[in-house]
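One structure is given here, and the rest of the page talks about it.
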Amino acid sequence: MSTSTGVTTGVIPKYELRCRECGKSWGNQPRSICDDCFSPLEITYDYDAIRASFTRERIVQGPPSMWRYADLLPLPENFRPTVPAGFTPLLKAPRLAQRLGAKNLYIKNDAVCLPTLSFKDRVVAVALAQARNFGFDTVACSSTGNLANSVAAQAARNGFHAWIFIPADLEPAKIIGTQVFGAKLVRIAGSYDQVNRLCSQIADERHWGFVNVNLRPYYAEGSKTVGFEIAEQLGWRLPDNIVVPMAGGSLITKIKKAFDELIQLGLVEPKPVKFFGAQATGCSPISTAVKTGNAEIEPQKPATLARSLAIGNPADGHYAIKTITKTGGWAEDVSDPELVASIQLLAETEGIFTETAGGVTVGCARKLYRQDRIASDDTTVLCITGNGLKTTDALAGKYEMEAPIPPKIAEFDKYLDKALDVPQISVAETVEA
Ligand SMILES: *Cc1c(COP(=O)(O)O)cnc(C)c1O
Ligand SMILES: [Zn+2]
């Protein structure tokens, strides 16, 4: 039973919105804030109703995508997936491990998430399912780049109009990678935080489904699938540590929620997992709070190459801090040169080309091993969340474009002699010293 405000009064639905602080139920509707106490809303589930169907046996028979975990996602009754998002590789990373002084290192590789090569495809897929359910014909978002790409692509595939709001200084590949899908792209002369504030105002005025504003609680649940997959791919086991890049701070809190749900439903043995957050020093409100022992965020003005993480006033910052400190983890941040060197290091050691956010994750992991905050023997997972082909400008000037040589074997022999004269040092190695 629902009242006109959408507040559930009778039968418990499979899932519904609840206030994270006062616990009030808000049913299911496009809303992200509790009107009573102004705290964020979150999806809660009737776990007893889910327990019977959410088993290892059922899951492994499901599709090779995030939809194998549909029982623990807030999806409408009649939902049919239209994109095979998620179920990305979890790779052992022995060569990177050696360079970091680690032994049991894994990469969760969302650089190859479908359809737009970042983990945002997971959150958008869930948000658009609810956008349809709530009767929106236009979807929208404020974005630091990857969300823009994913909303634009999935809106096209599902027949929504799309309005995308971005700070004007995003990488060219992320701009083209939005426009190509026919979305309306609105560049704002301002920071992401200003773009987001504007979007909250627009969402109040227009009947549009903003995936990370009025649909945010549904959107955020999509991130849990990263956690479900890691546990399944480790053989239904949780890692000791996980390193997660942070922008708004949602992903890290939702991976924690995923692990907790798997424990609660008996799919994995209970085990403490330490959560480590990674940011760029040029935009590090969450890592700064953790390092200074602050429970709240002090907003920053972003100045970093890692644009996908450049949120100065993170919506879930408070909860990200809690996730990190309560699990015994830590947060770190790296400079722009360090994140670029870390992109190169991951590429040279494991053959994975990540974007700036992935450089941040690898760079912070390196620091955390050095500080002995992560023990080398522990099973540790690094979350690589986006693809390097979208941020090639970060590597501008790193590789010389050599003059071409004539197509003659003698010319190549000459070239080789010269090339072998030059000592071969990996670029990433030079920054490590
Ligand atoms: C958005 C994004 C993140 C961070 O996500 P939050 O949930 O906002 O913390 C990390 N990596 C990439 C590549 C992203 O696009
Ligand atoms: Zn409340």
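Here are the numbers for the structure shown:
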quantity: Relative packing of peptides 306-316, 98-108, 331-341 - highest average C-beta neighbours within 10 Å first; calculated: 306-316, 331-341, 98-108
quantity: Cα pair distances of the stretch 313-398 binned at 5 Å [whole percent]; calculated: 3, 14, 21, 23, 19, 13, 7, 1, 0
quantity: Positive minus negative residues near K24 (Lys, Arg vs Asp, Glu; Cβ under 14 Å); calculated: -2
quantity: The chain: angle of helix 146-158 to the longest principal axis, Cα-based, in degrees nearest 10; calculated: 60 degrees
quantity: Charge dipole of the chain about the Cα centre (unit charges at C-beta), most positive-ward option of P285, N149, S191; calculated: N149
quantity: Rg and Dmax [Cα atoms of the stretch 207-282; Å; Rg one decimal, Dmax integer]; calculated: 13.9, 44
quantity: The chain, dipole about Cα centre (Lys/Arg Cβ +1, Asp/Glu Cβ -1), debye to the nearest 20; calculated: 620 debye
quantity: R80/E57 FRET efficiency (R0 25 Å; Cβ-Cβ; nearest 0.05); calculated: 0.60
quantity: Heavy-atom accessible surface of the chain: percent carbon and sulfur, 1.4 Å; calculated: 53 percent
quantity: Mean Cβ count within 10 Å, highest first, over the residues of peptides 244-253, 85-94, 411-420; calculated: 244-253, 85-94, 411-420
quantity: Spin-label pair T392/E205, simplified geometry with 7 Å Cα→Cβ offset, distance in nm; calculated: 3.9 nm
quantity: Partner lysines for K418 [C-alpha distance under 24 Å; skip if fewer than 8 residues away on the same chain]; calculated: K398, K408
quantity: Taking all pairs of distinct alpha-carbon atoms in the stretch 120-217, Kirkwood radius in angstrom; calculated: 12.8 Å
quantity: By average C-beta atoms within 10 angstrom, highest first, the peptides 348-359, 143-154; calculated: 143-154, 348-359
quantity: Cα pair distances of the chain binned at 10 Å [whole percent]; calculated: 5, 22, 32, 25, 11, 4, 2, 0, 0
quantity: GNM flexibility winner over the chain from K254, K291, K120 (Cα, springs under 10 Å); calculated: K291
quantity: Solvent exposure of the chain as accessible area per residue, Å², 1.4 Å probe; calculated: 43 Å²
quantity: Charge-dipole axis of the stretch 232-351 as Lys and Arg at +1 and Asp and Glu at -1 on Cβ define it, positive-most pick from P270, Q233, L305; calculated: P270
quantity: Per-residue [θ]222 nm for the chain (sum of -39500 (n - 2.57) over DSSP H runs n ≥ 4, rounded to 500); calculated: -11000 deg cm²/dmol
quantity: Cross-link partners of K120 among lysines (Cα-Cα below 21 Å; sequence separation of 8 or more within a chain); calculated: K108, K174, K184, K224, K254, K256, K257, K390
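The values are calculated or read from the model by the stated rules, or taken from the named source; none is laboratory data. Quick caveat: nothing in here was measured; it's all calculated off a predicted structure. With ideal geometry, Cβ positions are generated from the backbone for all residues, glycine too; neighbour counts draw on all protein chains shown. These accessible areas exclude ligands, DNA and RNA; they are computed on the full protein's heavy atoms, side chains included. Shrake-Rupley method; radii C 1.70, N 1.55, O 1.52, S 1.80 Å.
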